[in-house]
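Participant: Mind having a look at this structure? Questions to follow.
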Amino acid sequence: MLTMPRAEGLVVAFSSDWNAKDEGYSVIRDVAALANTVGGDLYVGIGRDGHVVGVDDPDRLEQCVLRAVRHDIQPSLLAFVSAERISVEGKHVLRVHVDAGTGKPYCLNPRLTDTIFVRRGDRSVPATPDEVARMVRSANPIPFEERISLEQGLDFEACRRFFERSDLAFDPKRIFGFWNKAKGAYTNLAYLCSDQSAASELLIEFADEEKTQILRSERVTGSVFDLYERASEFLAGMNGIQAARAEPGSATGAESLAVAPGVISEALVNMLVHRDYAKTVPNVIHVTPRSVRLFALGGFGAGLSAKDVVERMGTDCKNPGLSRLFTDLKLRDNLGAGLPRIRAGYKETALGNLFSVSETSFTITLPRVRNDAEFADFVRK
């Protein structure tokens, strides 16, 4: 004997009927939300307050629901949904059972991320970017760069500027990895390079090592080229400002410390190409009087030594398409030479103090050293 739930919850949803005016939107939304979460049951013919109202034509309703499951949810959920007509308090109710789907995320419109719903408590609500990213990672074996972008109305002004500086022709549909011919759509690599990208970074300069006083801060969102350019300007300004403050013979040595521009460039590029863009937390760059620290989500596995980190980051790139693009634009060295070059700038610094990695993130720490011509020019040798 079927025991009716008394109220809505994570795995139970109620709907009074199929609303023809909005083509059953609330029913379709709840089915997709259950499939995107842990599955459950939707009872059509029961109000949100648990009051049984029943449905007049359960046969027609079942046909509407199954048709919508086949055509109005993408990808199709038909294999994960079944319908059963039951009697509750002498009234017809349609019980729609939904299994957790294996093709998450399921959406009502593939061009709109706010049509991806999940169950949160007793409500079906739009999934957060982090929730969408988790679903994609768990269900999609295709590398992030190669997946079809959820956003297709892309512009590429920032990317175009870098191509023009390198005297390269710019056609986004001809750039390696930007356009999936079979699908006729832009990939996530194109999205990351586009002006619509949601990739972000947080830049902060502190007055002290304890990070208690902020001198300046900035958050940047957009194309990875905007992130690279703005971070470069921010750190170049740090070097210039610090050098201007320093006076000959000054006792405040921290004010005359700097990082070589070539080292900064290598570190920024490595932060961008090894980043896990399926996660939405911003890259973080902290500047203190004695160091520049770059933090990003990524990771190469647990238990790696500092030497392993350098070797793995030189060969195992999370975003090979982005790495190739930066190489073509001469923003990074090929074959992973950038990290050894950073290492060469700090021969007296323990390797573990320069690079650290966990299963989910990595950090590059660049000590600020005496700002002289020999150090600043070493990357040009």
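A quick yes/no check of all residues on (1) part of a loop (DSSP other than H, G, I, E, B); (2) in contact with a Phe, Trp or Tyr (Cβ under 6 Å, 6 or more places away or on another chain); (3) open to solvent by less than 60 Å² (accessible area, probe 1.4 Å):
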position: Arg67; (1), (2), (3): no, no, no
position: Ala79; (1), (2), (3): no, no, no
position: Ala83; (1), (2), (3): no, no, yes
position: Ile86; (1), (2), (3): no, no, yes
position: Arg95; (1), (2), (3): no, yes, yes
position: Gly103; (1), (2), (3): yes, no, yes
position: Asp114; (1), (2), (3): no, no, no
position: Phe117; (1), (2), (3): no, no, yes
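Participant: Evaluate the following for Arg70: is it within 18 Å of Ala7 (Cβ to Cβ) and charged (D, E, K, R)?
Facilitator: No.
A quick yes/no check of all residues on (1) at pLDDT below 80; (2) open to solvent by less than 30 Å² (accessible area, probe 1.4 Å); (3) over 19 Å from Leu192 (Cβ atoms):
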residue	(1), (2), (3)
Arg293	no, no, yes
Phe300	yes, yes, yes
Thr315	yes, no, yes
Asn319	no, yes, no
Arg324	no, no, no
Asp333	yes, no, yes
Phe355	no, yes, yes
Leu366	no, yes, yes
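Participant: Moving on. Restricted to the stretch 135-147, and to residues that are touching a Lys or Arg at 6+ places or on another chain (Cβ under 9 Å) and surrounded by fewer than 17 Cβ atoms within 10 Å (Cβ to Cβ), which residue is modelled with the lowest pLDDT?
Facilitator: Across the stretch 135-147, the extreme among qualifying residues is Asn140.
Participant: Among the residues of the stretch 13-46, count how many are modelled with pLDDT of 90 or more and open to solvent by less than 20 Å² (accessible area, probe 1.4 Å).
Facilitator: Total meeting the criteria: 19.
Participant: Another one. Checking Asp59 against (1) among the acidic types (Asp, Glu); (2) part of a helix (DSSP H, G or I); (3) open to solvent by less than 60 Å² (accessible area, probe 1.4 Å), only one condition comes out false. Which one?
Facilitator: (3)
Participant: Something else now. List the pairs whose first member sits in the stretch 158-184 and is surrounded by 11 or more Cβ atoms within 10 Å (Cβ to Cβ), whose second member is among the polar types (S, T, N, Q) and not in a loop (DSSP other than H, G, I, E, B), and whose Cβ atoms are under 8 Å apart, counting only residues at least 6 apart or on separate chains?
Facilitator: Between residues of the stretch 158-184 that are surrounded by 11 or more Cβ atoms within 10 Å (Cβ to Cβ) and residues that are among the polar types (S, T, N, Q) and not in a loop (DSSP other than H, G, I, E, B), the close pairs are Gly177/Thr187; Phe178/Thr187; Trp179/Thr187; Asn180/Thr187.
The values are calculated or read from the model by the stated rules, or taken from the named source; none is laboratory data. As the structure is a computational prediction, the values presented were derived from the model and not from experiment. Counting neighbours? That spans all protein chains shown, and the Cβs are built from the backbone with ideal geometry, glycine included. For the accessible areas, the whole protein counts, side chains as well, though only heavy atoms, and no ligand, DNA or RNA atoms are used. Shrake-Rupley method; radii C 1.70, N 1.55, O 1.52, S 1.80 Å.
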